[in-house]
Amino acid sequence: QVQLVESGGGLVQAGGSLRLSCAASGRTFSMGWFRQAPGKEREFVAAISRSGGSTAAADSVKGRFTISRDNAKNTVYLQMNSLKPEDTAVYYCAAGSSVGVVIDTRGYKYWGQGTQVTVSS
């Protein structure tokens, strides 16, 4: 059983930056970030392979968000720059058992409790 704890969310003005962190209780493989806005389905944001050598990002965040990981700390990060009001959502960290990049929610076994990100205009 792996427990995931997200941190780093908050309120920021449009154009600002935030860095989310997700600390895992044990060794993890594929990891990803998803988000869910009120009244909408959970959507893929970014994912990273076990080694950190491969990443993927949703078109809506490409060029603005960067996912990275520190396996020595069992932690994955999401650096979010040039934030927009439409980025407002609860952001969830997820961990799976694959070694590659996984962009589908069904590919993840463990989920964090979520952290709120609010971007004001």
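A few remarks follow.
- Here the dipole of the chain is about 240 debye; that uses its Cα centre as origin and unit charges on the Cβ of Lys and Arg (positive) and Asp and Glu (negative).
- Prolate/oblate/rounded call for the chain, Cα gyration tensor, a/c under 1.5 rounded: prolate
- Relative protection proxy for 90-97, 41-48, from highest mean packing down: 90-97, 41-48 (other beta-carbon atoms within 10 angstrom).
- Here the chain exposes an accessible surface that is 46 percent carbon and sulfur, computed with a 1.4 Å probe and the other protein chains kept in place.
- Neighbourhood charge, 14 Å Cβ-Cβ cut-off, centred on Ser120 and excluding it, Lys, Arg +1 and Asp, Glu -1: -1
- Charge dipole of the range 1-52 (Cα centre as origin; +1 on each Lys and Arg Cβ, -1 on each Asp and Glu Cβ, all else neutral): 120 debye, rounded to the nearest 20.
- Accessible area per residue for the chain, computed on protein heavy atoms with a 1.4 Å probe, is 51 Å².
- Spin-label model, Gln36 to Arg106: label points 7 Å out along the Cα-to-beta-carbon direction sit 1.8 nm apart.
The values are calculated or read from the model by the stated rules, or taken from the named source; none is laboratory data. Fair warning: this is a prediction, and the values are worked out from it, not measured in the lab. Heads up, the Cβs are rebuilt from the backbone with ideal geometry, glycines too, and the neighbour counts pull from every protein chain shown. Heads up: the accessible areas ignore ligands, DNA and RNA and are worked out on the full protein's heavy atoms, side chains in. Shrake-Rupley method; radii C 1.70, N 1.55, O 1.52, S 1.80 Å.
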